[in-house]
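Have a look at the structure below before the remarks.
The values are calculated or read from the model by the stated rules, or taken from the named source; none is laboratory data. No experiment lies behind these values; they were computed from the predicted model shown. Virtual Cβ from ideal backbone geometry, glycine too; neighbours counted across all protein chains shown. SASA here: full protein model, heavy atoms, side chains in, ligands and nucleic acids out. Shrake-Rupley method; radii C 1.70, N 1.55, O 1.52, S 1.80 Å.
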Amino acid sequence: MLTHFEFEPDSLTLAWNDGRVTRLDVLWLQDHDPAGRHGNGQRLISVLDLDWQAGIRAVERQGDGLMIHLNTGRQLNYPLATLARDCQMTPEDDRCQSGKTLWCGNDFQLPVVGWQDYLSKDDSRRQALAAVADNGLVLLRGVPCKPGQVLEVIETFGFVRETNYGRLFDVQTVVSPSNLAFSNLGLGPHTDNPYRDPVPGVQLLHCLVNEVEGGENLLVDGFQAAARLQTEHPDAFELLTRVRLPYRFSDEQADLRSRVPFIETDDGGWVIKVRYNNRSIAPFMLPFEEQRAFYRAYRLWAEMLSAPELAITVRLEAGDCLVFDNTRVMHARTAFTDGGRRHLQGAYSDLDGLYSTLYLSGVKPC
Ligand SMILES: [Fe+2]
């Protein structure tokens with residue numbers, strides 16, 4: 001509730017009953033004028049429409065609103081509820097580490113939701129998608145072991161992100177694989193496809209068959225690893241947010257390139273994306289004076305991601321579908337035996353679609 005206001009020609013100061021005091025430039029007031037928005041919420045004016053000569057001549061309280069008179073003759077009619085809502089500081093975006101629950105292996109219980117519950121109960125679906133937003137991952141159990149089913153899982157919350165691998169990719173042993181993921185070798189902690197721009201935000205791995213020994217998945221909260229690196233080695237953390245490495249994937253059909261840092265932060269210094277994929281880092285060159293410090297930071301990041309206490313181990317069984325935030329959660333795989341079948345189908349989607357479904361289900365953005 002508004003308790004007091006005062007104005008000068010170039011600004012309006014509002015005092016709220018929760019103790020907040022907000023000062024608004026007359027340009028902000030013109031720009032956020034409720035009359036400048038269509039009923040669908042989209043802006044009808046641009047920054048070029050703002051009058052830089054305009055000043056505030058008078059402000060009067062009218063019931064549940066404020067009428068602001070400009071010296072140009074224009075009036076801005078603000079409902080107080082609109083003012084109170086719009087003059088909050090801009091919230092963090094969906095990706096931001098702030099507000100998420102970071103985890104490490106020892107005390108983390110992997111969120112698990114049954115597929116039938118997910119399909120039939122709004123609460124279960126909300127719980128599953130909220131787990132991806134908050135913890136970065138969820139395991140759906142009992143998903144039918146039907147080739148292509150992974151795409152149907154995506155269609156429950158978003159859209160399939162098709163790539164040069166197709167709409168989905170098969171993870172099973174092949175002769176002369178173009179990508180080590182398609183061998184039976186172990187794979188260290190990594191995020192997928194850092195060479196894409198934008199990188200796929202959501203990855204799914206759906207297990208159709210797993211009869212091998214080994215082949216467990218290790219999962220690491222990359223935001224937790226980044227937070228620890230920041231606390232223990234702030235100089236290394238800073239370097240990894242600043243140095244952009246080139247990534248590349250090429251075969252006969254594709255030549256994909258990007259140039260991005262290991263750790264991305266927002267304007268508040270919060271981590272918003274992490275990546276690590278030693279297989280696809282292209283040759284890079286740094287000034288000589290920075291090379292040693294960079295390799296130290298790079299090594300510390302790799303060590304942090306490989307710390308056993310950070311990882312949880314999951315053995316995917318037939319019918320399990322792991323859904324995870326590919327800009328946060330690192331996945332790794334232990335080697336597996338040559339005999340026996342192991343067949344996973346993977347696919348990508350994007351985080352904005354998942355968050356959109358979550359918000360439409362009634363969950364409020366944090
Ligand atoms: Fe992968």
Quick one: Cα centre-to-centre distance for segment 84-148 and segment 8-51, in angstrom?
-> 35
Portion, in percent, of the accessible area of segment 2-86 that falls on carbon or sulfur, probe 1.4 Å | 50
Output the relative contact order of segment 2-86, whole-number percent, from Cα pairs under 8 angstrom with separation of 6+ residues.
-> 21
Filtered trypsin sites (Lys or Arg not before Pro), segment 268-366: DSSP coil and at most 11 other beta carbons within 10 Å | R341
Taking every Cα atom in segment 105-360, find the radius of gyration and the maximum pairwise distance Dmax, and write them in Å.
-> 18.1, 59
For the chain, what's the relative contact order in percent, using C-alpha pairs closer than 8 Å and at least 6 residues apart?
-> 23
Tell me, what is the FRET efficiency for L27 and A130 to the nearest 0.05, using R0 = 56 angstrom and their Cβ-Cβ distance as r?
-> 0.90
Quick one: if the Förster radius is 45 Å, what FRET efficiency do T357 and F5 give, using the C-beta to C-beta distance and rounding to 0.05?
-> 0.65
Of all accessible surface on segment 191-245 at a 1.4 Å probe, what whole percent is carbon and sulfur?
-> 43
For the charge dipole of the chain, defined by +1 on Lys and Arg C-beta atoms and -1 on Asp and Glu C-beta atoms about the Cα centroid, which residue among G214, L351, A226 has the Cα displaced farthest towards the positive pole?
-> G214
If each part is reduced to its alpha-carbon centroid, segment 63-82 and segment 228-266 end up apart, in Å, by 47
For segment 2-86, count the residues as N, evaluate 2.2 N^0.38 Å, and divide the Cα radius of gyration by that value, please.
-> 1.05
Calculate, for E155 and V209, the FRET efficiency according to 1/(1 + (r/R0)^6) with r their C-beta to C-beta distance and R0 22 Å; round to the nearest 0.05.
-> 0.45
Which length gain, in nm to one decimal place, applies between D123 and R248 when the Cα-Cα distance is subtracted from 0.36 nm times their residue separation?
-> 40.9 nm
Counting DSSP beta bridges with both ends in segment 58-182, the antiparallel % (nearest 5) | 80
Report the label-to-label distance for R299 and T313 in nanometres (one decimal), using points 7 Å from each Cα along the Cα→Cβ vector.
-> 2.8
Dividing the alpha-carbon radius of gyration of segment 185-300 by 2.2 N^0.38 Å (N being the number of residues), what value is obtained?
-> 1.19
Taking the Cα-to-Cβ direction at N77 and at D93 and moving 7 Å from each Cα, how far apart do the two end points lie in nm?
-> 3.6
Which Cα, out of T241, H38, G166, lies furthest along the positive dipole direction of the chain (beta carbon charges, K/R +1, D/E -1)?
-> G166
Longest span of the chain, sites excluded, free of GluC sites (Glu not before Pro) in DSSP loop with at most 14 other C-beta atoms within 10 Å?
-> 1-161
Roughly how many debye, to the nearest 20, is the charge dipole of the chain about its Cα centre, given +1 on each Lys and Arg Cβ, -1 on each Asp and Glu Cβ, and no other charges?
-> 440
Restrict the search to segment 273-366; then list the chymotrypsin sites (Phe, Trp or Tyr not before Pro) that DSSP places in a loop and that have at most 16 other Cβ atoms within 10 Å of their Cβ.
-> F284
Using Cα pairs under 8 angstrom and six or more residues apart, how large is the relative contact order of segment 110-243, in percent?
-> 16
Quick one: Debye curve from the C-alpha atoms of segment 121-254, no solvent, what's log10 I(q)/I(0) at q = 0.15, 0.16, 0.18 Å⁻¹?
-> -1.02, -1.15, -1.37
Pull up all non-local amide H partners of G114: gap of 5 or more, or a different chain, and H-to-H distance under 5 Å with H placed in the peptide plane.
-> R141
Which distance in nm do the two modelled labels at I45 and A335 give, with both placed 7 Å along the Cα-to-Cβ direction?
-> 6.7
Ordered by number, the chymotrypsin sites (Phe, Trp or Tyr not before Pro) in segment 1-96 that occupy a DSSP loop and have at most 11 other Cβ atoms within 10 Å are W52
The answer for segment 204-263, accessible area per residue at 1.4 Å probe in Å², is 43
Picking from G269, L129, Q291, whose Cα lies most toward the positive end of the charge dipole for the chain (charges on Cβ: Lys, Arg +1; Asp, Glu -1)?
-> Q291
